[in-house]
1. Within region 13-28, can you find the residues that are at pLDDT below 85 and either over 17 Å from residue 192 (Cβ atoms) or among the small types (Gly, Ala, Ser) (or both)?
2. Would you check if residue 114 is without any contact (Cβ under 8 Å) to a residue 12 or more places away in the chain and within 30 Å of residue 94 (Cβ to Cβ)?
3. Could you check how many residues of region 196-238 are farther than 23 Å from residue 105 by Cβ, open to solvent by 30 Å² or more (accessible area, probe 1.4 Å) and in contact with a Leu (Cβ under 8 Å, 6 or more places away or on another chain)?
4. Within region 80-105, which residues are farther than 14 Å from residue 125 by Cβ, part of a loop (DSSP other than H, G, I, E, B) and either open to solvent by 40 Å² or more (accessible area, probe 1.4 Å) or at pLDDT below 95 (or both)?
5. Can you tell me which residue is most open to solvent (accessible area, probe 1.4 Å) among those in region 39-58 that are closer than 21 Å to residue 181 by Cβ and not in a loop (DSSP other than H, G, I, E, B)?
6. For residue 160, state whether it is surrounded by fewer than 20 Cβ atoms within 10 Å (Cβ to Cβ) and free of Cβ contacts under 8 Å to residues at least 60 places away in the same chain.
7. Quick check on this structure: which one of 147, 142 is of a type in the set (S, T, N, Q), open to solvent by less than 40 Å² (accessible area, probe 1.4 Å), at pLDDT below 95 and out of contact with any helix residue (DSSP H, G or I) (no Cβ under 9 Å at 6 or more places or on another chain)?
8. So, in region 38-47, how many residues would count as being in contact with a Phe, Trp or Tyr (Cβ under 8 Å, 6 or more places away or on another chain) and either of a type in the set (A, V, I, L, M, F, W, C) or free of Cβ contacts under 8 Å to residues at least 40 places away in the same chain (or both)?
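The values are calculated or read from the model by the stated rules, or taken from the named source; none is laboratory data. Keep in mind that what you see is a predicted model, and the values were worked out from it rather than measured. Note that we place each Cβ from the backbone using ideal geometry, even for glycine, and neighbour counts take in every protein chain shown. Note: areas computed on protein heavy atoms with side chains; ligands, DNA, RNA excluded. Shrake-Rupley method; radii C 1.70, N 1.55, O 1.52, S 1.80 Å.
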Amino acid sequence: MLDYDKEAERYDDSRGGEPRAAAAAEGVLSLVPRQARRLLDVACGTGIVTRRIVVGRDGLRVVGVDLAPAMARRAAARLPGAVVLADSRRLPFADGEFDAVASVWLLHLAGGAENVRAIVAECARVLRPGGTYVTTVDKGASHNVGSDIDAVLAARPAGVAHDAAHLVEAYAREYGLEPVGGARFTGHGQGRSPRRTVADLRRGWFVTLPPGEPLAEEFAARLAVLPDQDRPRPDPVFTLAAFRKSPA
């Protein structure tokens with residue numbers, strides 16, 4: 001698992017920067033009703049997507065929350081007075097406080113089914129009746145673009161996708177959230193090259209290939225002999241799912 005306090009400084013540049021953030025914000029806003037006036041961005045990270053949501057919709061007040069202090073500091077610099085340091089499993093907000101809640105690139109990092117369920121429960125709790133929850137799902141699968149890199153990585157030990165769409169939908173229904181659609185957006189600038197994939201592997205990107213372990217080095221060696229070491233393969237395409245909270 002990556003240390004997101006350490007990742008904060010390089011996070012935006014290493015993950016597509018503004019073009020990816022703009023695509024993510026556009027995807028989220030396409031699923032948030034026009035009448036929404038307050039939106040909570042859970043696990044807002046550096047605030048790069050959060051700020052794009054703010055500028056993308058007039059009249060929408062946005063609050064960000066993140067658990068990593070270094071991430072939250074960067075977000076606060078982008079959105080003064082609108083960022084809170086907190087755990088997404090215990091949100092410091094009142095019941096029904098928001099018209100919309102978003103969690104982009106969060107659930108796959110939750111570390112287990114109970115944590116994902118707790119996050120979804122909290123998002124539902126702070127959402128008003130009739131409000132909309134938008135979240136990314138199937139994040140890991142989004143990176144499989146059918147490249148030669150994917151062919152190598154296909155042989156690695158399988159992990160559990162705790163953000164699988166069918167699981168997230170099941171948790172959402174437990175807390176009164178009904179599916180109402182979805183959207184997809186491109187992760188601009190995130191197409192992997194072999195050399196970059198090896199670097200990511202060695203800093204803990206792939207959960208089932210712990211850095212320094214012999215198996216991880218075996219995969220690094222296989223990636224290192226692929227052609228065009230610095231040529232990015234196609235960008236991933238991420239999936240958003242939207243849910244509406246049952247009226248009171």
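1. Of the residues in region 13-28, the ones at pLDDT below 85 are 13-18.
Within region 13-28, 14, 16, 17, 18 qualify.
2. Working: without any contact (Cβ under 8 Å) to a residue 12 or more places away in the chain: yes; within 30 Å of residue 94 (Cβ to Cβ): yes.
Against the criterion (without any contact (Cβ under 8 Å) to a residue 12 or more places away in the chain and within 30 Å of residue 94 (Cβ to Cβ)), residue 114 qualifies.
3. Total meeting the criteria: 1.
4. 80, 81, 105 - these are the residues of region 80-105 that are farther than 14 Å from residue 125 by Cβ, part of a loop (DSSP other than H, G, I, E, B) and either open to solvent by 40 Å² or more (accessible area, probe 1.4 Å) or at pLDDT below 95 (or both).
5. Of all residues in region 39-58, those closer than 21 Å to residue 181 by Cβ come to 39-42, 49, 52-53, 56-57.
When the remaining residues are screened for being not in a loop (DSSP other than H, G, I, E, B), the result is 39-42, 49, 52-53, 56.
Numbers: 39: 1, 40: 0, 41: 6, 42: 0, 49: 14, 52: 85, 53: 1, 56: 45 Å².
Only one residue fits best here, namely 52.
6. Spelling it out, residue 160 is indeed surrounded by fewer than 20 Cβ atoms within 10 Å (Cβ to Cβ) and free of Cβ contacts under 8 Å to residues at least 60 places away in the same chain.
7. Testing whether each residue is of a type in the set (S, T, N, Q), open to solvent by less than 40 Å² (accessible area, probe 1.4 Å), at pLDDT below 95 and out of contact with any helix residue (DSSP H, G or I) (no Cβ under 9 Å at 6 or more places or on another chain) leaves just 142.
8. Here the count works out to 4.
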